[in-house]
Amino acid sequence: MDWLESKGRSRIEEMTRTIEELIPDYLRGLPVYVPGKPIEEVERELKIQAVKLASNENPLGPSPKGIEAAKAVLADANRYPDGGAHRLRETLAERIGIAPEEIFVGLGSSEIIDLASRVLLRAGLQGLTSDGTYAPFSVAIRASGAELVLVPQRHYAFDLNAMTEAITPKTGLIYLANPNNPTGSAFTAREFGDFLEKVPDGVLVVLDEAYIHYAVSVGLRDSVEAYRKRKNLLILRTFSKVYGLAGLRIGYAIGTAELLTAMNKLRTPFNTSGVAQAAALAALDDKEHVERCIAANAIERKRLSEGLTKLGLRPVVSEANFVFVPVGPDAKEVSDELLHLGVIVRPLGWMGLPEAIRISVGVTEENEKCLAALGQVLAKRAGTSELAAR
Ligand SMILES: Cc1ncc(COP(=O)(O)O)c(C=O)c1O
């Protein structure tokens, strides 16, 4: 052992650091993602029949064409999937009218949210989003080591003007969701165009359109038109919502080849399964299923929103497949009481909105069960507070 080696050895022996200390402070402080409670867990724990209106899933199920296509490729599961998702990318590109190099296929849009920050941000830079929006945006920014800048919302919607005012020379990217989760509000193509004009070329706007099919005031083509004019835009879409394939984990992004190449370098080599790719391809062609789901959602969203209004609540006008409703400071207790009546909704304290719950739009019976249960919970609470006031 020469001198240098022995010096290194003794230094290693003196090392007292623990693995935990290796975890950077910005990761320690991150909240854990709180998923909707699984229906089986609630039914087992509470010994009741439950409906799950907590994760904005498609209550009408997967695209039947998607299921058939997935089944057909299961027998090839011994082979690795097409790591570049070529057929899916080519099909999407042709339909959208862009090049296949401008499509990135990801393990749900969740993977792409994370990759955007990993590619562009680092310590010393800032990532911008809003409070009252999808929590993984903040997590992605903080996990990159960059500083998280949160701009307050106005009336449960993005304040796009305030967001442009919060841009600094350190801003690397901005996350927006349109329609927004969890509030369900949406901005128009015009509002977005005005916003984009004020964003410098060197700042990427990540526009998450997970719920775009359900929107009324903005359409699928709007953001693509904006992208044709301004390339500092990354549009995220998913097969988890209207196509009903949340369990298969597949989504995609539209963006410049340069940015997508960098994201491809960081993603895992086979990020989406062959089953998911096949199902997504077939689901794209299942126009009938898509149209049925959009129509049913519109009817049921109206039923739910009107029902909530009749209960004396003021739900936010929703352009998605869920309804956001403020119920007061004890929203968590309201949601726990609903759980005991067999209705799983989402309390939103972990998203910075402790006064509200989010109810996913279900099928008619599920929505009626939810409204009846909420009516019961609110009546009981009103009775209790009346007694307390005497
Ligand atoms: C705004 C938003 N983006 C992304 C996702 C995640 O979608 P995916 O299933 O494609 O990862 C969700 C899921 O609820 C969402 O609400």
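Values quoted throughout were computed directly from the atomic coordinates according to the rules given, and no laboratory measurement underlies them. Remember, predicted model here, so these are calculated numbers, not experimental data. Every residue, glycine among them, receives a Cβ derived from its backbone with ideal geometry; neighbour counts consider all protein chains shown.
Estimated purely from DSSP H runs of n ≥ 4, each contributing -39500 (n - 2.57), the mean residue ellipticity at 222 nm for the chain is -14000 deg cm²/dmol once divided by its residues.
What does the charge count around L348 come to, taking other residues whose C-beta lies under 10 Å from its C-beta (Lys +1, Arg +1, Asp -1, Glu -1)? Counting the neighbours of L348, the net charge comes to +2. What the Cβ-Cβ distance of E306 and D76 gives, at R0 = 56 Å and to the nearest 0.05, is a FRET efficiency of 0.70.
The DSSP beta bridges internal to the chain are antiparallel in roughly 45% of cases. Pairs exceeding a 31 Å alpha-carbon distance, out of K241/K332; K198/K310; K198/K302; K241/K380; K302/K380: K198/K310; K198/K302; K241/K380. In summary, the convex hull built on the alpha carbon positions of segment 61-112 has an orientation-averaged projected area of 4.7 nm². Between T261 and T384, the modelled labels are 6.1 nm apart [label points 7 Å from Cα along Cα→Cβ]. If you sort the three axes of the alpha carbon gyration tensor as a ≥ b ≥ c, you get a/c of 1.5 or more for segment 5-83 and a/b no higher than b/c, which makes it oblate.
Once the Cα-Cα distance is subtracted from the 0.36 nm per residue extended length, the R292 to L60 segment shows a gain of 82.6 nm. Rounded to the nearest 10 degrees, the angle from helix 274-284 to the longest Cα principal axis of the chain is 50 degrees. When the alpha carbon coordinates of segment 64-285 are projected onto the principal axes, the ranges are 53, 37, 29 Å, largest first. With K and R counted +1 and D and E -1, the other residues having a Cβ less than 13 Å from that of T268 yield a net charge of +2. The distance from the alpha carbon centre of segment 147-194 to that of segment 24-89 is 28 Å, rounded to a whole number.
Could you estimate the translational diffusion coefficient of the chain from the Stokes-Einstein equation, with Rh from the Kirkwood formula over C-alpha pairs, at 20 °C and 1.002 mPa s, in whole µm²/s? So the translational diffusion coefficient is about 95 µm²/s. Relative contact order of segment 64-285, taken over Cα pairs closer than 8 Å and 6 or more residues apart, is 29 percent. With Cα atoms defining each centre, segment 305-320 and segment 210-281 are spaced 30 Å apart in the structure. Using C-alpha pairs below 8 Å separated by at least 6 residues, the relative contact order for segment 1-155 is 18 percent.
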